[in-house]
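One structure below.
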Amino acid sequence: MNVQAWTFLLVAASFALYIGIAVWSRASSTKDFYVAGAGVSPLANGMATAADWMSAASFISMAGLISFMGYDGSVYLMGWTGGYVLLALLLAPYLRKYGAYTVPDFVGDRYYSQLARVVAVICAIFVSFTYVAGQMRGVGIVFGRFLEVDINTGVWIGMAIVFFYAVLGGMKGITYTQVAQYCVLIFAYLVPAIFLSLLITGNPVPQLGLGGVDQASGMALFDRLNGLHAELGFAAYTSGTKSTLDVFFITAALMVGTAGLPHVIIRFYTVPRVRDARLSVGWALIFIALLYTTAPAVAVFARTNLIASVADTPYTEVPEWFTNWEATGLLSFNDANGDGRIQFVGPASPQQNELTVDRDIMVLANPEIAGLPDWVVGLVAAGGLAAALSTAAGLLLVVSSAVSHDLLKRTFLPQITEKGELLAARVSAAVAVLIAGYFGMNPPGFVAQVVAFAFGLAASSFFPVIILGIFSKRTTREGAILGMIAGVTLTAAYIVWFTLMHPELNNADHWWLGISPEGIGTVGMLVNFAITMTVSRFTPEPPSHVQVLVELIRIPRGAGSAHEISA
Amino acid sequence: MAQHDPKGRPPVTDPQVTARHAEYWRRNIRYLGILLTIWFAVSYGFGILLAAPLDAVRLPGTGFPLGFWFAQQGSIYVFVILIFVYVRLMNSLDREFEVDEGGDA
């Protein structure tokens, strides 16, 4: 069997598995649809959260991004894991105790205000749609590269699959397919990484191989890579080029944004008890860390391998994988000085760089670089699809519950029946799939900035008002609404100004205090905190039933039946 | 909000119980303070602010520059440990103050 046949087989088998799970776990009530009946075990929920969280970007692009950024790539590694500590310690147990179905549910009740609820709904929908567009695009791209179908056809196939299990199964269907998707994606990520680590360092554990000795030169791997970088005029791999302040702010924005993303938060409503919510965040982070500690190793292996095999090599003697990927346009060589050799050099070199490398190649081409069997290539395709589909489904559920639960049931149509609400949830999930598919086929030109936007927005809107809602009884409706609006407006204005209106000014000389648009969410969050706390001091304190509610949230006992009664 | 009480009882008003709950909350906040200080130290401290000076040292027995290791490996391991420590601390605190939810420990 060739690569193409293996890819078809593995992708088709994984899709059949997801559909099978969806049929088995149909949702029969709104509680099933929104929170999987709150009966998911902490371990299964941890896996589902990990799949929900790790998107096509984590699976395909992150290692390549780190590979090109070196130390600067740390912002993603720390930023996208450290937020789980905040979730476990500050958010998940209390939100589980409250026992709502959605994030705006909590915001609206805690701040005794329909306006606060609606502001939260708008933020939740906006964050989720910006994120989901990138996922559907990722599905299309994986289909396009590995199965040689048109990107739009790939998006249609992806939509059909997500439609099936999200509309039919709701959170229940999504949870159990995500468990399967995690297994597929982590296996697909680790197999090539282990082989690559053996090849380069002789150690089968990538995390240890990374700190080990390069087999080819006998030097420590980092010394070899830093040496190669110095020779070719790149900045040292282990020191990076961003300012310390910017690294600090970007990391903080990503961490806090992670803890404020609605599709992550709602996963912790699905476990039976407060204690399970805490434990479940721990499991989630273990499963995420398995990929996130492997990624920097893959980045270094791929980088070293790339430089060693192509730099200053005559074009006629390049390895076979080089020629294969050149055909896809992800690698391109332009012999500027006409010497027939590949000059792959950095900005500090007197020579001109002649090689352009797309960062995605670092993960996608790994199996070929390591000379692995054809089935591993098919596995990577199935893994990329699992990562994209699982994240898309989680996001679509947030959109659907924001419409059917927050807008209809809790705001405009309180008389709606259980059956009616379930139908509304399915219809809005279906519509959301179609809209996401449209964005996947016609992506806005600024997808990369849009992801920074989603994190900045989550950091500057939800995080402060949820934290203060739990930890400060004195926080008032007026404070929370003004805080959310101020934080989001500031963050959005800064990002739009530099990325859409004045991209030519988007550099460290023009940024405020040298903080990039990726890191501005941290400032937005601080502004939100400051305004919410200040306004709360000067407005009438929350009604006593809200203060009692906060007291009850803080105590674990009595969570089990909480939301049959409140909802 | 009485409707959140599972048995529909009025909210707790017994001053002794209220004082117990306040003490429970203070202990929780103290745990949070300690754990979040460690969280900050390993990521923002060792991984970012002090990364450059720490890079002069290698993680013993490996080729990792220490600051770089904290930024791309060590901080993530510590995050996982922090959550599991918190889970254990809170489970025993819940039992001590009799606010646990029953079932298997």
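Spin-label pair residue B:88-residue A:208: with each label point 7 Å from Cα along the Cα-Cβ axis, the two points sit 2.4 nm from one another. Partner shielding of A:79-86 amounts to 5, given as the average count of beta-carbon atoms from other chains within 10 Å of each residue beta-carbon. Take each peptide in B:50-60, A:332-342, A:517-527, count the other Cβ atoms within 10 Å of every residue, and average; sorted highest first, the result is A:517-527, B:50-60, A:332-342.
Using the Cβ-Cβ distance between residue A:313 and residue A:241 with R0 set to 22 Å, the FRET efficiency from 1/(1 + (r/R0)^6) comes to roughly 0.25. Residues whose amide H comes within less than 5 Å of that of residue A:213, counting only those at least five positions distant or on another chain, are A:221 (H built at 1.01 Å from N in the peptide plane).
Between the residues A:369, A:357, A:416, the greatest Cα displacement towards the positive end of the dipole of region A:343-422, with unit charges on the Cβ of Lys, Arg, Asp and Glu, is found for A:416.
So which aspartates and glutamates can residue A:97 reach, going by Cα to Cα under 17 Å and dropping same-chain residues fewer than 8 places off? Counting by Cα, and skipping residues close in sequence, residue A:97 has these aspartates and glutamates nearby: A:105, A:109, A:276, A:551, A:564, B:5, B:94, B:98, B:100, B:101.
Straight Cα distances below 19 angstrom link residue A:419 to the lysines A:31, A:172, A:409, with same-chain residues fewer than 8 positions distant left out.
Of A:287, A:68, the sequence from fewest to most neighbouring Cβ atoms within 10 angstrom is A:68, A:287. Count the net charge of all other residues whose Cβ sits under 13 Å from the Cβ of residue A:369, scoring Lys and Arg as +1 and Asp and Glu as -1. Result for the local shell: -1. This model, with +1 at the C-beta of Lys and Arg and -1 at the C-beta of Asp and Glu, gives the protein assembly as shown a dipole about its Cα centre of some 2480 debye.
A short reminder: the numbers here are calculations on the coordinates, not readings from a lab. Note that the structure is a prediction, hence the values are computed from the model and not measured. Positions of Cβ are generated from backbone atoms using ideal geometry, with glycine treated the same way; all protein chains shown enter the neighbour counts.
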